[in-house]
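Below is one structure, written out as structure tokens; comments come after it.
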2 protein chains.
Amino acid sequence: MRIVVLAGGIGGARFLRGLKQAAPDADITVIGNTGDDIHLFGLKVCPDLDTVMYTLGGGINEEQGWGRSDETFHLKEELAAYGVGPEWFGLGDRDFATHIVRTQMITAGFPLSAVTEALCDRWKPGVRLLPMTDDRVETHVAVELDGERKAVHLQEYWVRLRASVPAEAVVPVGAEQSKPAPGVLEAIAEADVILFPPSNPVVSVGTILAVPGIREAIADAGVPVVGLSPIVGDAPVRGMADKVLAAVGVESTAAAVAEHYGSGLLDGWLVDTVDADAVTRVKAAGILCRAVPLMMTGPDATAQMAREALTLAEEAREA
Amino acid sequence: MRIVVLAGGIGGARFLRGLKQAAPDADITVIGNTGDDIHLFGLKVCPDLDTVMYTLGGGINEEQGWGRSDETFHLKEELAAYGVGPEWFGLGDRDFATHIVRTQMITAGFPLSAVTEALCDRWKPGVRLLPMTDDRVETHVAVELDGERKAVHLQEYWVRLRASVPAEAVVPVGAEQSKPAPGVLEAIAEADVILFPPSNPVVSVGTILAVPGIREAIADAGVPVVGLSPIVGDAPVRGMADKVLAAVGVESTAAAVAEHYGSGLLDGWLVDTVDADAVTRVKAAGILCRAVPLMMTGPDATAQMAREALTLAEEAREA
């Protein structure tokens, strides 16, 4: 079975680990969000791609969900001693190596997709990890800071400001001019199932869908497209989905997110058992729906979520 | 008193520490060798400048004489795990920060002299540290390896090959086209004394002298120029002076090095007490000479060497 997954960072990575356990023989292609990529200290940093790579490759800091295990922060300490920032972005000594290798390859002329493949040669994530695009896309968030309206990088909004001010708009700068990375449209066209993990529907899955051609390819693939709600009990399981959903005028509920994707894209939607009353509303929108436990409390619970998603996909196929 | 010192790495840095102790009120300008600079992992690394900066700024690994104290090597471990080399060059996590800041500034268009000044804003070495040039100069060594004659970077010759094969030629590539960095010729013209520490006469002091204009400025400065022999008892105190002296046809003795600089450049020369019989030969070459202990066994011994050099300079001034 060929499965295509559109993944953001922590939520997507953990879901993928469950999916691998649930479908060990599946051929999984991950289309990773690169809208949260950022240039720091002259280096290209791809937080979501790295979170997927480290999580599936066994190098992740399990507790925090991002960054490397067994990590130190001496380089960052020294940069701060030189007065060189930003200090709010936590790059560890081991993690820096990934960004140095990536930047060297990009400077040498390799596209991000080739670089990602080279990095995965080491990590062996057990999936094919593709960036959504080789072009530069950067998600900016419009906020009001100190009485002034300004655009900040998504990472700055999330890591430095901790989403403490309202997001007035979310703009994936460069997305309109971007092209899907090599292999992305082919993987979608050849997929048997397409999954949206419980990743952020605006700044993770939404950014991937903003690359011209990807949304259309998914809608036209003719195979079941099933998503898992990142909203449980009207609040995001992690992250800031509520803040950025508000910016796009979508209420922060499991049902509203399904409607936001829409029946033109989604065939099935899983909501958490606490949101069982959303099932009727989602079905009314023309999307198959079921309420199952959606908290990724551990590998087995996550694998069970993946199984439920694949089961719903089979139902959608037969419907 | 204004003192100009032409410095290489470890020997130059340690001598400078002694000089600061011996002449605490002196205004010291260091012209640092950049011929051993190397680009590694997309970063510009300046080993000699950094050794001077770290040593005088209190950040050096005292035991090995280069690199940072309290250092870890996680980034390098990870680069190796990615299969990205060279592995033979020992960059630590803290040290990497210096190269990242430097590379960022150079990419932004700042010359190396401005970057070095910015780095020294943190380290406060208590001297004015100038690179010999803002232009790229790279010392290459011609060797025979596996039956083939090839040129390797000085760092590769020294760090990877450990000078285990003869140096057939030493070429400071780019030196002929280089210009002294801003401030270098001015500092020489305004100096009261010019010192050559016991640094390598070929690949450290010799490379600085290979920048067009520097040798002439020193010869024409009209002030005492005094050097300290890096050769003690016919062998270099540290490093590979013997190997590279052979490449330029100079025997590895205290007297021969003085003759190599020549009386057109040098006014005074200190040799170690074990080389007392070299004094007559050096004097015969028209260079004042004295035999004193030249082993930098500690701060006090090194300060005493600096005092001896300054005393010999005064004698040269009166002669």
Across region A:68-79, which residue is surrounded by the most Cβ atoms within 10 Å (Cβ to Cβ) among those that are facing another protein chain (nearest Cβ under 8 Å) and not charged (D, E, K, R)?
-> A:Leu75
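Kindly check whether there is at least one residue in region A:182-190 that is under 20 Å from A:Leu310 (Cα atoms) and touching an Asp or Glu at 6+ places or on another chain (Cβ under 7 Å).
Within region A:182-190 (the criterion being under 20 Å from A:Leu310 (Cα atoms) and touching an Asp or Glu at 6+ places or on another chain (Cβ under 7 Å)), the answer is no, since none of the residues qualifies.
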Of the residues that make up region A:285-302, is at least one within 18 Å of A:Val193 (Cα to Cα) and free of Cβ contacts under 8 Å to residues at least 12 places away in the same chain?
-> no
Pick out the one residue from A:Pro224, A:Pro230 that is in contact (Cβ under 8 Å) with a residue 12 or more places away in the chain, under 27 Å from A:Ala167 (Cα atoms) and surrounded by 15 or more Cβ atoms within 10 Å (Cβ to Cβ).
-> A:Pro230
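Based on this model, can you work out whether A:Glu87 counts as surrounded by fewer than 16 Cβ atoms within 10 Å (Cβ to Cβ), within 21 Å of B:His74 (Cβ to Cβ) and in contact with a Lys or Arg (Cβ under 9 Å, 6 or more places away or on another chain)? Even if it seems obvious, please write down each step before you answer.
Working: surrounded by fewer than 16 Cβ atoms within 10 Å (Cβ to Cβ): yes; within 21 Å of B:His74 (Cβ to Cβ): yes; in contact with a Lys or Arg (Cβ under 9 Å, 6 or more places away or on another chain): yes.
So A:Glu87 fits the description; yes.
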Hits in region B:189-230 - residues which are more than 20 Å from B:Val250 (Cβ to Cβ) and not in a loop (DSSP other than H, G, I, E, B) = B:Ala189, B:Glu190, B:Val193, B:Ile194, B:Leu195, B:Glu216, B:Ala217
Of (1) within 16 Å of A:Ile194 (Cβ to Cβ); (2) assigned to a loop (DSSP other than H, G, I, E, B), A:Ala306 satisfies every one except (2)
Taking A:Gly213, is it over 29 Å from A:Met295 (Cβ atoms) and small (Gly, Ala, Ser)?
-> yes
Can you confirm whether region B:50-65 contains a residue that is within 24 Å of A:Ala118 (Cβ to Cβ) and modelled with pLDDT of 95 or more?
-> no
Please state which one of A:Gly42, A:Gly65, A:Gly35 is away from every other protein chain (no Cβ under 12 Å) and at positive phi.
-> A:Gly65
Quick one: would you say B:Ala258 is free of Cβ contacts under 8 Å to residues at least 12 places away in the same chain and of a type in the set (A, V, I, L, M, F, W, C)?
-> no
Please give the number of the condition B:Arg238 fails out of (1) of a type in the set (D, E, K, R); (2) under 25 Å from B:Leu130 (Cα atoms); (3) at pLDDT 95 or above.
-> (3)
Could you check how many residues of region A:148-168 are over 16 Å from A:Val45 (Cβ atoms) and in contact (Cβ under 8 Å) with a residue 40 or more places away in the chain?
-> 4
Take A:Val202 and decide whether it is buried (at least 20 other Cβ atoms within 10 Å of the Cβ), closer than 25 Å to A:Thr133 by Cα and touching an Asp or Glu at 6+ places or on another chain (Cβ under 7 Å).
-> no
Inspect region B:44-59 for any residue being under 30 Å from A:Met53 (Cβ atoms), in contact (Cβ under 8 Å) with a residue 12 or more places away in the chain and not assigned by TED's automatic domain parsing to the domain that holds B:Asp300 and give the result as yes or no.
-> yes
So which of A:Thr133, A:Thr107, A:Thr103, A:Thr98 is surrounded by fewer than 16 Cβ atoms within 10 Å (Cβ to Cβ), of a type in the set (S, T, N, Q) and either touching a residue at least 60 places away in the same chain (Cβ under 8 Å) or under 27 Å from A:Gly174 (Cβ atoms) (or both)?
-> A:Thr107
Which of (1) under 27 Å from B:Met1 (Cα atoms); (2) not in a helix (DSSP H, G or I) does B:Val250 not meet, given it meets every other one?
-> (1)
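Conditions tested, residue by residue: (1) surrounded by 20 or more Cβ atoms within 10 Å (Cβ to Cβ); (2) touching a strand residue (DSSP E or B) at 6+ places or on another chain (Cβ under 7 Å); (3) in a loop (DSSP other than H, G, I, E, B).
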{"position": "B:Ala246", "(1), (2), (3)": "no, no, no"}
{"position": "B:Ala255", "(1), (2), (3)": "yes, no, no"}
{"position": "B:His260", "(1), (2), (3)": "no, no, no"}
{"position": "B:Ser263", "(1), (2), (3)": "no, no, yes"}
{"position": "B:Leu266", "(1), (2), (3)": "yes, yes, yes"}
{"position": "B:Lys283", "(1), (2), (3)": "no, yes, no"}
{"position": "B:Cys289", "(1), (2), (3)": "yes, yes, no"}
{"position": "B:Ala301", "(1), (2), (3)": "no, no, no"}
{"position": "B:Thr311", "(1), (2), (3)": "no, no, no"}
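The values are calculated or read from the model by the stated rules, or taken from the named source; none is laboratory data. Just so it is clear, the model here is predicted, and its values are computed rather than measured. Neighbour counts are summed over all protein chains in view; Cβ atoms, including those assigned to glycine, are modelled from backbone coordinates with ideal geometry.
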